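The next block holds one structure in the form of structure tokens; read it before the comments.
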Amino acid sequence: MQAALALPDPWLTQPDVAFPAARSDNRQAVSVEHELIKAALDGDGRAFESLVRPHLAVLYRVAERASGNAALAEDAVQEALVIAYSRLKKYEPGTNLKAFLAAIAVQRAKTLRRGEQRRHAREEASDAPTGGENPAELVEAQRTAELVRNALADMPEKRRMAAILRLDAGMSYAEIATALGSTEGSTRVLVHLALKELKSKLASVLETTA
């Protein structure tokens, strides 16, 4: 069950906070990443695991938001890791591995969701709700989650991805820009428009449950 998104206005006005690291530390991190990638491409599974493990939680969050289903999210992340490995030689060490992986995970999750919808469209129309301790709350939560998914699905591609990466992955605008191949300024506009659209489409639900 998914809860309604919290859409704090400060995200639209407060700049991302940067914490500069020592240049030597950054060079060392890039060097380590480069060596792990080289080892992974040579067939070292542990090296690839070391690269992706710190980002798995983020990948599952963005995949679940994009697919609307925890099981699909798991499949999407597994497939995304396979794709990421196949594209690893194209990744430049030190750019932004989290953004690189998250963009792939979101794309796979959306593809799996579309396939699931095509396979189960008729069954979903005839499914009756199952029992629960509080059916009214269950129905309301499901309705809110569905409104969020539909609102995201109706957005233009880049706006939808920007919203998911900001809300669920907690990425900075610079990181999202890297993932989308855009500029930071354009990314801020995309996120602003996405949040505005989500607030508008969720307004009726928020008024009902207030």
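No value in this document is a laboratory result; all are computed from the given coordinates. In this text the structure is predicted, and so the values were computed from the model without any measurement. Methodologically, a virtual Cβ is constructed for each residue, glycine included, from the backbone with ideal geometry; neighbour enumeration extends over all protein chains shown.
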Tell me which of Leu112, Ile37, Phe48 sits at the most positive position along the dipole axis of segment 20-125, charges placed on C-beta atoms (Lys, Arg +1; Asp, Glu -1).
Leu112
Leaving out same-chain residues fewer than 8 places away, which lysines sit with a Cα under 20 Å from that of Lys158?
Lys98, Lys110, Lys196, Lys199, Lys201
Find out how many positive minus negative residues lie around Glu197, taking Lys and Arg as positive, Asp and Glu as negative, among other residues whose Cβ is under 9 Å from that of Glu197.
+3
What's the local net charge at Glu35, with K and R +1, D and E -1, over the other residues with C-beta under 15 Å away?
-1
Counting all Cα-Cα pairs in segment 20-125, those more than 20 Å apart amount in percent to 45
